1. Taking region B:213-257, which residues are more than 8 Å from chain A (Cβ to nearest Cβ), surrounded by fewer than 24 Cβ atoms within 10 Å (Cβ to Cβ) and among the acidic types (D, E)?
2. Taking helices (runs of 4 or more DSSP H) that do not extend beyond region B:111-199, which have at least 3 residues that are within 21 Å of the chain's Cα centre (by Cα) and within 14 Å of another protein chain (Cβ to nearest Cβ)?
3. Which of the numbered conditions does A:V144 fail, given that it passes all the others? Conditions: (1) farther than 20 Å from A:A187 by Cα; (2) crowded, with 17+ Cβ neighbours inside 10 Å.
4. Just a yes or no: is a residue in region A:229-236 within 22 Å of A:L100 (Cβ to Cβ), crowded, with 22+ Cβ neighbours inside 10 Å and in contact with a Lys or Arg (Cβ under 7 Å, 6 or more places away or on another chain)?
5. If a residue must be modelled with pLDDT of 90 or more, over 22 Å from B:Q55 (Cβ atoms) and charged (D, E, K, R), how many such residues does region B:152-181 contain?
6. Test A:K235 against the criterion of being farther than 30 Å from A:A173 by Cβ, among the charged types (D, E, K, R) and away from chain B (no Cβ under 12 Å), and give yes or no.
7. Would you please list the contacts, defined by Cβ atoms under 8 Å and residues six or more apart or on different chains, that run from a residue in region B:16-35 that is more than 21 Å from B:V238 (Cα to Cα) to a residue that is in a strand (DSSP E or B)?
8. So, A:D217, is that one within 11 Å of another protein chain (Cβ to nearest Cβ) and modelled with pLDDT under 90 or not?
Amino acid sequence: MSDPILSVRDLVKHFPITQGVLFKKTIGQVHAVDGVSFDLHPGETLGVVGESGCGKSTLAQVLMRLEPPTSGTVTFDGEDLFAKSGAALKAWRRDMQIVLQDPYTSLNPRKTVGDIVGEPFEIHPEVAPKGDRRRKVQELLEVVGLNPEHIRRYPHQFSGGQRQRIGIARALALRPRVIVCDEPVSALDVSIQAQVMNLLGELQTEFGLSYVFIAHDLGVVRHLSDRVAVMYLGKIVEIGDSESIYERATHPYTQALLSSVPVPDPSLRGKREVIRLTGDVPSPADPPSGCRFRTRCPKAEAICAEQEPPLVAGESSDHPSACHFAEVRQVLPVA
Amino acid sequence: MTDAAPLLEVEDLRVEFGKGADTASVLNGVSYRVEAGETLAVLGESGSGKSVTAQTIMGILDTPPGRITGGAVRFKGEELLGADRERRRLLRGESMAMIFQDALSALNPVYTVGAQIAEQFRFRRGMSKKDAMVRAAELLDQVKIPNAKQRVKEYPHQFSGGMRQRAMIAMSLALDPELLIADEPTTALDVTVQAQIMELLDELRRERDMGMILITHDLGVVAEVADRIAVMYAGRIVEEADAATLYAHPAHPYTRGLMASVPRLDSSRGQLDPIPGLPPSLTNIPPGCPFHPRCAHADFRGRAPQSSVSGDRCRTELPLLRVLEDPAAGPEGHRAACHFAEQFVAASPEEVLTP
């Protein structure tokens, strides 16, 4: 396999909880991302799934250098991302772009589509000379399936799906190599969602993109991802290629997630085993000792509170899974 | 009225918003019925009119800007659309109740959860403040909120998302309604919590023999709990059948398109078959079949027809919701609003749509 384009090691992001107005003192830490490691290879899609509050969006922010990390390293093409500054940082920003979830708030309502999609060229004028920009923007609109004549329109004149296409065109403008997609289709209706997912797939083939695809919808992630990482309370609990995660999940959290997804087939009603989790996700400001999932885990034993299970493959799991009692369990209906 | 009248009957309901050229026809003749103990799922995308129908049934549609221009809503045979405000107010909570998608904005942030539930007992049942709080705690216990006696004194922001939704369910059940309308009850929740809430709703419906209208856009949720399903598009019901029939052989190209758009957990990568284009603007619904500009089978688009379906009728003649001859359908039958529904019913869900 080729060298990874993005390599993340022990990435940690804690947010301080402060008290006091004048003399702020830190009284705790929110452990948003707590030791995440993975590799992303060129042309590959890594899906990141998890429930709200598991740290998947913070991970995106840190990867984009929108938030400084607490510790850990990220290398992009073999170079330390957090060591970059000045011209090197600016040059790197061309290579990595982000598509955000909410197509309503992520576009400036007072700018035309032409301005929004063309703004990257203002910041990086070396990519497109001034006279060429309009044509470039129109090309981009066409690539994402919008009418190039709509370049003077404003975001409110477009539907949700079309706005998400505008956001994708903006991310594509500088011909990045990696795009971080943070819940890009969650706000869309199902028929429009399918259109945007197909678009993302086509763009990947056309431009050889790598995606970090963050979503909570397990069906969407399976559809687009080569490999999948499952996050719980700031940690990756299981990672592997798509098939091994969906067909041979060994972590009880992954199994519970998969079994909770309603299957659009009434003939399976009542025949499917659903692993019900009790209670809520603990606060990331005070995560449980040992295994973080133990408070909701049906398999939890004494060792789970004492020792944190490492994310490794073992006899019972052909891919890394952070559980003392990892074992394969068939949770999806056999097709 | 006679006992034979269904719990709820909506007939040819029509609602408009706005004036003149900007008039949006939001509901264009919606009819459905719900019996006691039954779950009817109303499936549709944003703007299809599923929530407006529910608001009209509950009598909480804002008029203006909305205008009810025709139709009937009958609860156990009693016509509601002409009824006076006081009668409608009494029916709300007592006979029909509703839960909403966003529990945080549906609950009042400055009152405790208990006080908001107890309010109904105090003003509708004349209970004392103390008795009402005891009843509120019992209800929280029934919706499986742990430690209900303490939690009853807490404020909505102290509850997690799933617990707020439980509290809202408790509130809606306070006066033992016979009909519960759940408008996207789990859309804002995580999948593990969604499973808990859907199970709770189904359990409560069975225990109390309530009729339930479940409004959702999630084909998975529908398949798990619905007895019957009504699919809405552009303010009309385009297909209605029992759950098994609808999924096994959908008769309307829109329903088939929806099913082809859903990425499945149990199959890996490949192209999805989305419905092309966008839903129509409700101020300018296309003539003929409102779905024809997006329909792969209306052959006027210049493509070779993929079946023997022909297109001109689709452009000019509005297909009405009619009963299909479908031997596999349940006793309630299978209805669809497509000129060529018979041909789709005969095919398997994937067949006709794959070029």
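The values are calculated or read from the model by the stated rules, or taken from the named source; none is laboratory data. Just so it is clear, the model here is predicted, and its values are computed rather than measured. Ideal geometry is used to build each Cβ from the backbone, glycine not excepted, and the neighbour counts take in all protein chains shown.
1. B:D227, B:D242
2. Numbers: elements: B:113-125, B:129-142, B:148-151, B:161-173.
Because the criterion is at least 3 residues that are within 21 Å of the chain's Cα centre (by Cα) and within 14 Å of another protein chain (Cβ to nearest Cβ), the helices (runs of 4 or more DSSP H) in region B:111-199 that meet it are B:161-173.
3. Condition not satisfied by A:V144: (1).
4. Yes.
5. Residues flagged as modelled with pLDDT of 90 or more, over 22 Å from B:Q55 (Cβ atoms) and charged (D, E, K, R) within region B:152-181 amount to 2.
6. On the way: farther than 30 Å from A:A173 by Cβ: yes; among the charged types (D, E, K, R): yes; away from chain B (no Cβ under 12 Å): yes.
Judged against the criteria, A:K235 is a match.
7. B:F17/B:A24; B:F17/B:V26; B:F17/B:G66; B:F17/B:R67; B:G18/B:A24; B:T23/B:E16; B:T23/B:F17
8. Here the answer is yes, as A:D217 does meet what is asked.
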